[in-house]
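Peer 1: For reference, the structure I am asking about is given below.
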Amino acid sequence: MRREIVIGEVRGIWPRTEEHGGGSTSVRLGEHNVKTDEDCEGDTPGLEYCSDPPVDVEVEKVIGHERYVPDDRNSYGDIALIRLKEEVEYTAGSQICAGGKKGENVCKGDSGSSLMYRDRMADTENWVTVGVVSFGLHRCALENVPAVFTRVTEYIQWILDNIEP
């Protein structure tokens, strides 16, 4: 992926793509909580870990997937390519932040557990592992504080190279 292309969901920008009457003028990258000026973790003053400030970048073009149908509850094809007017620096995709619902996140002893989703696209229903718990804060299941997972898709070749038949 080039550094001036990002991926988003069509639902969040539809029908504002250029093909449908004008596009979004900018995207915000690196934002976790739009309700706060600074995104920080931890609750001990002076010991919080804060992310870099978000970056607003102008959009050059938005291309929504041709299979996307607005208001279809299945949301097939809900993906868009967003070409930015300038290159941006981005974090390597080997980790995923997920969770953040109070009382519904990882806790001590959960390391190595799977982050999964139910694949309903196939004729049969399958559970797919997308991440493996790497770490979280010392306190468990805090609201608005995600855990960090290792992104499995970044290691597919390594997995295939190391499993035995």
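Peer 1: Within segment 122-138, can you find the residues that are surrounded by 10 or more Cβ atoms within 10 Å (Cβ to Cβ) and free of Cβ contacts under 8 Å to residues at least 40 places away in the same chain?
Peer 2: Asn126, Val128, Thr129, Val130, Gly131, Val132, Val133, Ser134, Phe135, Gly136
Peer 1: Separate question: (1) at pLDDT below 80; (2) part of a strand (DSSP E or B); (3) loosely packed, with under 13 Cβ neighbours inside 10 Å; (4) not β-branched (Val, Ile, Thr): which one isn't true of Leu81, the others all being true?
Peer 2: (3)
Peer 1: Here are some conditions: (1) within 25 Å of Met116 (Cβ to Cβ); (2) in contact with a Cys (Cβ under 9 Å, 6 or more places away or on another chain); (3) not assigned by TED's automatic domain parsing to the domain that holds Val130. Ile79 meets all but one. Which one does it not meet?
Peer 2: If we test Ile79 against (1) within 25 Å of Met116 (Cβ to Cβ); (2) in contact with a Cys (Cβ under 9 Å, 6 or more places away or on another chain); (3) not assigned by TED's automatic domain parsing to the domain that holds Val130, just (2) comes out false.
Peer 1: Quick check: anything in segment 45-53 closer than 29 Å to Ala147 by Cβ and modelled with pLDDT of 80 or more?
Peer 2: Yes, some residue in segment 45-53 is closer than 29 Å to Ala147 by Cβ and modelled with pLDDT of 80 or more.
Residues checked against (1) touching a strand residue (DSSP E or B) at 6+ places or on another chain (Cβ under 7 Å); (2) more than 14 Å from Thr153 (Cβ to Cβ); (3) charged (D, E, K, R):
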residue: Cys97; (1), (2), (3): yes, yes, no
residue: Ser113; (1), (2), (3): yes, yes, no
residue: Arg118; (1), (2), (3): yes, yes, yes
residue: Met121; (1), (2), (3): no, yes, no
residue: Asn126; (1), (2), (3): yes, yes, no
residue: Val133; (1), (2), (3): yes, yes, no
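Peer 1: I'm checking my understanding of the structure. Among residues of segment 136-162 that are more than 13 Å from Glu41 (Cβ to Cβ) and of a type in the set (A, V, I, L, M, F, W, C), which one is modelled with the lowest pLDDT?
Peer 2: Ala141
Peer 1: Which condition number in (1) of a type in the set (Lys, Arg); (2) part of a loop (DSSP other than H, G, I, E, B); (3) farther than 23 Å from Glu48 by Cα is the one that Arg118 fails?
Peer 2: Single failed check for Arg118: (2).
Peer 1: Name the residues in segment 141-157 that are surrounded by 17 or more Cβ atoms within 10 Å (Cβ to Cβ) and assigned to a loop (DSSP other than H, G, I, E, B), would you?
Peer 2: Ala141, Leu142, Val145, Pro146
Peer 1: Gly109 versus (1) surrounded by fewer than 13 Cβ atoms within 10 Å (Cβ to Cβ); (2) in contact (Cβ under 8 Å) with a residue 40 or more places away in the chain; (3) out of contact with any Phe, Trp or Tyr (no Cβ under 6 Å at 6 or more places or on another chain): which is the lone unmet condition?
Peer 2: (2)
Peer 1: Leu160 fails exactly one of the following numbered conditions: (1) surrounded by 13 or more Cβ atoms within 10 Å (Cβ to Cβ); (2) farther than 25 Å from Gly30 by Cβ. What is the number of that condition?
Peer 2: Condition not satisfied by Leu160: (1).
Peer 1: Here is a check on your reading of the model: is Gly100 part of a loop (DSSP other than H, G, I, E, B), within 22 Å of Lys35 (Cβ to Cβ) and without any contact (Cβ under 8 Å) to a residue 60 or more places away in the chain?
Peer 2: Spelling it out, Gly100 is indeed part of a loop (DSSP other than H, G, I, E, B), within 22 Å of Lys35 (Cβ to Cβ) and without any contact (Cβ under 8 Å) to a residue 60 or more places away in the chain.
Peer 1: Could we say that Arg118 is of a type in the set (D, E, K, R) and without any contact (Cβ under 8 Å) to a residue 40 or more places away in the chain here?
Peer 2: So Arg118 passes the test.
Peer 1: Take the conditions among the hydrophobic types (A, V, I, L, M, F, W, C) and in a strand (DSSP E or B) and apply them to Val88. Does it pass?
Peer 2: So Val88 does not fit the description; no.
The values are calculated or read from the model by the stated rules, or taken from the named source; none is laboratory data. Computed from a predicted structure; not experimentally measured. Neighbour counts are summed over all protein chains in view; Cβ atoms, including those assigned to glycine, are modelled from backbone coordinates with ideal geometry.
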